[in-house]
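The next block holds one structure in the form of structure tokens; read it before the comments.
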Amino acid sequence: MKKITKNKILTGLIVLIGCLYLVSCSYLDVSEYIDDMTSADSVFVRKALLDKYIKGAASYLPNESKLYTVTSDPYQISSDENFVPWDDGRHAGTRFLQNELNTFTYDFANWGEYYKGIRKANIVIARIHECLDISEVDRRDYAGKAYFLRAYYYYLLLRQYGPIPIVPDVAFDSDETIGNMAIARSTYDECCDYICSNMQTASEMLVSKRSASSEIYQPSKGAALAVISRVRLEQASPWFNGNQAYSDWKTEDSQFFISQEYDNSKWGQAALAAKNVIDMGIYALHTIQRNSNTPPLPGNVSALAFPDGAGNIDPLRSYSELFNGETSIYSNTEVIYACDAWRGYGESVNWLVMPQQMGGANGLSLSQSLIDDYYMVDGRDITNSSVEYPYPSQSEEYQPIGTTTDALLNFSGYEIRPQTAKMYINREARFYATIGYCHSLWPGTSYLGNEQGYRNIEATYYKDGNCVPTANFPDDRCWSGYTLKKYTNPEDNLKGVNREKAHPIIRYAEILLNYVEALNELEGVYTDMESGLTISRDAKEICKYFNQIRYRAGLPGIKESDAADVAEMRELIKRERKIELACEHLRFFDLRRWGDASEELNKPFMGMNVEAKTNQRQLFYTRTPVNQKYARRSFIFKMNFFPIHRATLDKNPKLIQNPGW
């Protein structure tokens, strides 16, 4: 392989800055870059320096645990699950559905940073053969990391901007003209295929799973295959598969950026991609064994051992301890790819959701739509509940549960307070693991000081409750009467300490749901031309993997007769993803790929009536449109993709702006 010369490096630099990158004064110090590259001969000869260089390539990855504060994109804040009441620089995502972001906005301008990571990954791939003091096993693993990084940066770009330019894997020749170095956007399908090809290469080089503490957050074979599963599922989905809303959006050579012909075989690709992860046999849904404090299962839930039933597990702890740090990342069988939730600014979610008494801002509000979609404990809908586990009538739902049945108030280490409204009783385990409602308990047991009122907070969101905002910060309140507890350990307290946690970016439950969705939509038999593997829609297979999610939640499984109906199964899958993957940075992208974003994101944001006082319980527990500026949101067509910054377009005449911007 030819040695990369300084002229080629300079030329490549011009291309990447001039044609692709969003340039700002602080973006790139050119002299520092040249110094870095002129010393590349020594960098790539030694394993220790090569390792540092690869870590430098990974440094442009966003911290995906930052769901709401100092985020890399606006999409979690902009989902129908939640909103925050601020539009400061740390919460710029609130501006997205207010239509306050434009092509001159520097918020979420990730284009240049991600291409910078791609450049470094390309250099590693081109020069890793030069390293002298590395074993062939480690060389393959390091190369696999570089392929993963290159593909993952492209995936992040594709998710945010839609089709993007795929830069050459090697530098341009020094005599190439600037005009020829301008690069146009590839089609969506071309981007997906390139990402998946690189991830496949990565999967063949990377170790199956990371276990060493120094590498636990680095990519593995499973992570690479899991990203392929995500990409293929999105590629098969209606918004990107035969979507004629983009019939006027074409490349310079008149190819459609988004495929105009529906291709059902893409669901087959997606199904096989998910099955490849499953067949590794090293991942499983996280479960905790049941004990004396685990409540009995409803009669319609299989009492067989998991994964054929829920008889031997504690559903609440199985789900909650996956996220709250109780189970270490090293022993968590469900997490496929994760990041450290303590990177950067510390654990921002706890700050956002905790009551003020514990040092929190009390500023995240969840939607009534999310709350109402959680099932009753026996799997029935709240609108069609059973006699044994009834959802209360409108005249009763606001009333406190009282102290009549101790088993209802204390289970699986969770305590329901007597003043809790009846509408929150007998709900499925994931509800209690995820939702903070009025009168929910925040133990915060790590605070060991003598001050009263800093732990065991029973949060109340009435107008005169104990979580009202201060005069100096009038927006710091829970505007819907619901907040998020999914990532909060009972010990966590900003007046004390927070449990260290890993934030799951991709987990096995998502892969199972990807698989059953792809199987459900598949028509006929799909055969992969490279591997020769075949797959077809199979109701029994759908039940097998869908029911693992249900059983882990302590719910009854579906029957093959349910899975036989494609339309019915589609709605079950959509709802299951909404519940199981709540507030995990996936909902916006699900709504978009299904073509449901316009409908769901334009609905009124509903919650409880937080203007009612403590002595107005019935009024408080009335579903009401939330009266706050950033809850009044509007989604329009152009918001399906983020705009490319004007400065980037000016640098590259071949770039075409996203529709509507």
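Given the criteria of a type in the set (Ser, Thr, Tyr), under 26 Å from residue 147 (Cα atoms) and open to solvent by less than 70 Å² (accessible area, probe 1.4 Å), does residue 201 qualify? When the stated conditions are applied, residue 201 passes them. Out of contact with any Cys (no Cβ under 6 Å at 6 or more places or on another chain), assigned to a helix (DSSP H, G or I) and modelled with pLDDT of 95 or more: does that describe residue 90? Taking the combined requirement at face value, the residue does not satisfy it. Looking only at the range 434-458, how many residues end up being closer than 26 Å to residue 385 by Cβ and open to solvent by less than 10 Å² (accessible area, probe 1.4 Å)? Selection size over the range 434-458: 6. Please go through the range 633-661 and give me each residue that is crowded, with 19+ Cβ neighbours inside 10 Å and assigned to a helix (DSSP H, G or I), ordered by number. Selection gives 639, 640, 648. From the list 391, 398, the one residue that fits, being in contact with a helix residue (DSSP H, G or I) (Cβ under 6 Å, 6 or more places away or on another chain), surrounded by fewer than 22 Cβ atoms within 10 Å (Cβ to Cβ) and free of Cβ contacts under 8 Å to residues at least 40 places away in the same chain, is 391. For first residues located in the range 434-456 and under 18 Å from residue 500 (Cα atoms), partners that are among the acidic types (Asp, Glu) and open to solvent by 50 Å² or more (accessible area, probe 1.4 Å) and lie 6+ apart or on another chain with Cβ distances below 9 Å form the pairs 443/415; 443/491; 444/491; 445/491; 446/491.
Only residues that are among the polar types (S, T, N, Q) and either surrounded by 20 or more Cβ atoms within 10 Å (Cβ to Cβ) or in a helix (DSSP H, G or I) (or both): list them for the range 93-109, please. Residues satisfying the conditions are 94, 98. If the condition is being open to solvent by less than 10 Å² (accessible area, probe 1.4 Å), among the small types (Gly, Ala, Ser) and in a helix (DSSP H, G or I), then the range 567-617 contributes only 597. If the condition is being modelled with pLDDT of 95 or more and open to solvent by 70 Å² or more (accessible area, probe 1.4 Å), then the range 618-628 contributes 618, 619, 623, 625. Give all pairs with beta carbons closer than 9 Å in which a residue from the range 639-661 that is touching a residue at least 40 places away in the same chain (Cβ under 8 Å) meets a residue that is surrounded by 17 or more Cβ atoms within 10 Å (Cβ to Cβ) and acidic (Asp, Glu); count only pairs at least 6 apart in sequence or on separate chains. Between residues of the range 639-661 that are touching a residue at least 40 places away in the same chain (Cβ under 8 Å) and residues that are surrounded by 17 or more Cβ atoms within 10 Å (Cβ to Cβ) and acidic (Asp, Glu), the close pairs are 642/73.
In the set (1) under 22 Å from the mean Cα position of the chain (by Cα); (2) free of Cβ contacts under 8 Å to residues at least 60 places away in the same chain, residue 122 fails one condition alone, (1). In the set 485, 495, only one residue is open to solvent by 10 Å² or more (accessible area, probe 1.4 Å), touching a Gly at 6+ places or on another chain (Cβ under 8 Å) and under 26 Å from residue 576 (Cβ atoms); that residue is 485. Annotation note: Cβ proximity below 6 Å between a residue of the range 567-592 that is of a type in the set (D, E, K, R) and a residue that is in a loop (DSSP other than H, G, I, E, B) (sequence gap 6+ or interchain) occurs for 587/79; 587/81.
For the criterion of being outside any helix (DSSP H, G or I) and open to solvent by 30 Å² or more (accessible area, probe 1.4 Å), residue 523 passes.
The values are calculated or read from the model by the stated rules, or taken from the named source; none is laboratory data. Nothing here was measured: the structure is a model prediction, and the numbers come from that model. Note: ideal-geometry Cβ built from the backbone for every residue, glycine included; neighbour counts use all protein chains shown. Areas reflect the complete protein model, heavy atoms only, side chains present, ligands, DNA and RNA absent. Shrake-Rupley method; radii C 1.70, N 1.55, O 1.52, S 1.80 Å.
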